[in-house]
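What follows is one structure encoded as structure tokens, with my remarks underneath.
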Amino acid sequence: MEQTILSIFLALFVLQFAIEFGLNELNLRQVAANSANKEIPEAFRGKIEPQDYAKSVEYTLTNGQFQRWAEIYGSAVLLMVLLSGLLGLVDQWSGQWANGSSLGRYGPGIIFCCAVGAILTLTALPTELYSTFGIEAKFGFNKTTIGLYLSDKLKGLVLSLVIGVPFLLVVLWLMDIMGQAWWLWAFAFISAFQLLMIVIFPTFIAPWFNKFEPLKEGELRQRILALAEQIGFKTSGIYSMDGSRRSAHSNAYFTGIGKAKRIVLFDTLIDQMSTDQGLAVLAHEMGHYKMKHIHRMLLVQTVFLIGALFVLSLLIAYPPFFATFGLVQSNHGALVLFSLVAGPFSFYLAPFMSRLSRKHEYEADRFAVKTLRDGAAMEEALINLTVKNLSNLTPHPWYSAYHYSHPTAMERINAIRQLSV
Ligand SMILES: [Zn+2]
């Protein structure tokens, strides 16, 4: 049986690798071919300098070429962790270590999960470091100092210990005492936990990493207040964030639900945009709020969660699932193993999630244009964002369909031009 499970897993693993690698290759070729004709795409002509276009091509190619090695490396690490017998050793060692201490019934499970988490975090460091301090620095985007990077990592570790460990403890406890229906209890608990995180993240966790301030006095603020009033968005929820501490990339996002909802504009975005453009971006974010996009995404994630927990409840009672990867049957082993092997299966859901997210982006754009009765400002804001972030102007359509959570600037501009205002 173990042989069959292993063959199915490996076949799907290789298929996933081939698809991701292939999409990246297609994208690289498309970008290189387009830049070879020196043609700037129509919507950007006269709006982007030839040297900026050349730089965006170079940035895309550099990232894509690095992606090849990152994918090979990441896949090799995962296979090594799963197939070398490492998990079994870590499990044994965690059990011995916990039993020699006074960590209680769930001690071995907690130590095992933390140890595997530490292995995955450490092995991901080389690609992360090269991306931030190599590529991003080379193109002038990186502003993160080594000191800030280390303090971010330390804060992340503290959060995992303070929030992650108690969370894990409750899940292990539910699995232990709730019998057959444990997965329904775990579902209820994880859903409640997610809701709590959505509420506390913007107000308590994000401010630990960044400074959030109400938007500065001025014309932009005045016009935003008027817009917020018109739409019914509480203005106490509009913030500027010091994104420039870490990166010159610019962005804006809408987060949270209920009283904790926030629209966040990066300081980098405010600096590089005109008032009209800034207002268009804000109207777009208010569109996400108005259309209840966070609620809809949450609903989809809830369906995935219950499906995943149900599958896990079947696997947990099936010893060959553990034996295939050198583990003995246990609740904590099931949790870790399931999260490690799920990729090649859940991979096929990613394009649907990207598609739903892109649908939301179109809706928010439409809302902004209709509300402001101004398509030109939104279009200029999009071009501005694309140029300043050196975004790929000509991604391969299959690549963007799979990976992009936002439609390309071209697609969004075309959609905006079809709206009557
Ligand atoms: Zn959006």
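Spin-label model, Met297/Ala32: points 7 Å from Cα along the beta carbon direction are separated by 3.4 nm. Solvent-accessible area per residue in the stretch 53-204 equals 54 Å², computed with a 1.4 angstrom probe and all protein chains kept. One quarter of the convex hull surface built on the alpha carbon atoms of the stretch 277-334 amounts to 6.3 nm², the projected area averaged over directions. Its convex hull of Cα atoms gives the stretch 1-53 a direction-averaged projected area, equal to a quarter of the hull surface, of 5.0 nm². Using a Förster radius of 35 Å, what is the FRET efficiency between Asp176 and Ile5 based on their Cβ-Cβ separation? Nearest 0.05, please. In this case the efficiency is close to 0.85. Across the stretch 69-125, counting alpha-carbon atoms alone, Rg and Dmax equal 13.2, 44 Å. Once all protein chains are placed together, Leu154 keeps about 110 Å² accessible to a 1.4 angstrom probe. Along the Cα-to-C-beta direction of Asp152, a point sits 7 Å from the Cα; which residues of the stretch 223-255 have their amide N less than 15 Å from that point? Residues 242-251 fall inside that zone.
Under 5 Å from the amide H of Ile238 lie the amide H atoms of Ile263, each residue being 5 or more positions distant or on a separate chain, with H modelled from the backbone and absent for Pro and chain starts.
By how many degrees, 0 to 90 and rounded to 10, does the Cα axis of helix 331-341 deviate from the longest principal axis of the chain? Orientation of helix 331-341: about 50 degrees from the principal axis. As a fraction of the 1.4 Å probe accessible area of the stretch 347-421, surface on carbon and sulfur atoms comes out at 56 percent. Based on Cα contacts under 8 Å between residues 6+ apart, the stretch 333-421 shows a relative contact order of 44 percent.
The share of accessible area on the stretch 96-135 that comes from carbon and sulfur is 65 percent, using a 1.4 angstrom probe. Ordering Trp183, Trp69 by accessible surface, largest first, gives Trp69, Trp183; the 1.4 Å probe counts only protein heavy atoms, with every chain in place. Averaging the Cα positions of each part gives two centres, and for the stretch 139-167 and the stretch 267-307 these lie 25 Å apart. Rolling a 1.4 Å probe across all protein chains gives Leu169 an accessible area of roughly 80 Å².
Taking the square roots of 5 times each eigenvalue of the Cα gyration tensor of the stretch 315-376, largest first, gives ellipsoid semi-axes of 46, 10, 7 Å. Within a straight-line Cα-Cα reach of under 25 Å, Lys55 can be paired with the following lysines, leaving aside sequence neighbours fewer than 8 residues apart in one chain: Lys38, Lys47, Lys138, Lys143, Lys388. Model label sites at Trp93 and Leu305, defined 7 Å from Cα along the beta-carbon direction, differ in position by 3.3 nm.
Karplus-derived 3J(HN,Hα) values for the stretch 218-224, using 6.51 cos²θ - 1.76 cosθ + 1.60 with θ = phi - 60°, are x, 4, 4, 4, 4, 5, 5 Hz; glycine and proline are entered as x. 3J(HN,Hα) along the stretch 153-169, derived from phi through the Karplus expression 6.51 cos²θ - 1.76 cosθ + 1.60 where θ = phi - 60°, amounts to 5, 5, 4, x, 5, 4, 4, 4, 6, 7, 9, x, 5, x, 4, 4, 4 Hz, with x in place of Gly and Pro. Give me the net charge of Glu39's neighbourhood, meaning all other residues with Cβ under 15 Å from the Cβ of Glu39; Lys, Arg count +1, Asp, Glu -1. The answer is 0. From its DSSP helices (H runs of at least four residues, each -39,500 (n - 2.57)), the chain gives a residue-normalised ellipticity at 222 nm of -22500 deg cm²/dmol.
Annotation: average projected area of the stretch 1-93 is 8.8 square nanometres, based on the convex hull of Cα atoms across all directions. A full extension of the chain between Arg417 and Met80 corresponds to an added length of 116.3 nm, given 0.36 nm per residue minus the alpha carbon distance.
For the stretch 327-375, trypsin sites (Lys or Arg not before Pro) meeting the loop criterion (DSSP other than H, G, I, E, B) and having at most 16 other Cβ atoms within 10 Å: Arg373. Of the residues Val369, Val90, Val387, the one that moves most in a GNM of the chain with alpha-carbon contacts below 10 Å is Val90. Across the stretch 139-150, rounded Karplus estimates of 3J(HN,Hα) from the backbone phi angles (6.51 cos²θ - 1.76 cosθ + 1.60, θ = phi - 60°) give 8, x, 8, 6, 10, 6, 8, 4, x, 5, 4, 5 Hz, Gly and Pro being marked x.
Sorting Ile263, Ile306 by accessible area puts them as Ile306, Ile263; the probe is 1.4 Å, largest comes first, and only protein heavy atoms count.
Rolling a 1.4 Å probe over the protein chains gives Glu136 an accessible area of about 30 Å². The coefficient of translational diffusion for the chain, derived via Stokes-Einstein from the alpha carbon Kirkwood radius under 25 °C and 0.890 mPa s, stands at 102 µm²/s.
Of the listed residues Arg105, Arg262, the order by accessible area with a 1.4 Å probe, largest first, is Arg105, Arg262.
Geometric descriptor of the stretch 93-214, per residue, is 151 Å³ (volume of the convex hull of the Cα atoms). Relative to the longest principal axis of the Cα atoms of the chain, the long axis of helix 2-36 lies at roughly 20 degrees. Extending 7 Å from Cα along the Cβ direction at Phe167 and again at Leu122 yields two label points whose distance is 2.3 nm.
The values are calculated or read from the model by the stated rules, or taken from the named source; none is laboratory data. If you're wondering where the values come from, they're calculated on a predicted model, not measured in any experiment. Glycine also receives a Cβ, built like all others from the backbone with ideal geometry; neighbour counts cover every protein chain displayed. Surface accessibility is based on the protein's heavy atoms, side chains included, excluding ligands, DNA and RNA. Shrake-Rupley method; radii C 1.70, N 1.55, O 1.52, S 1.80 Å.
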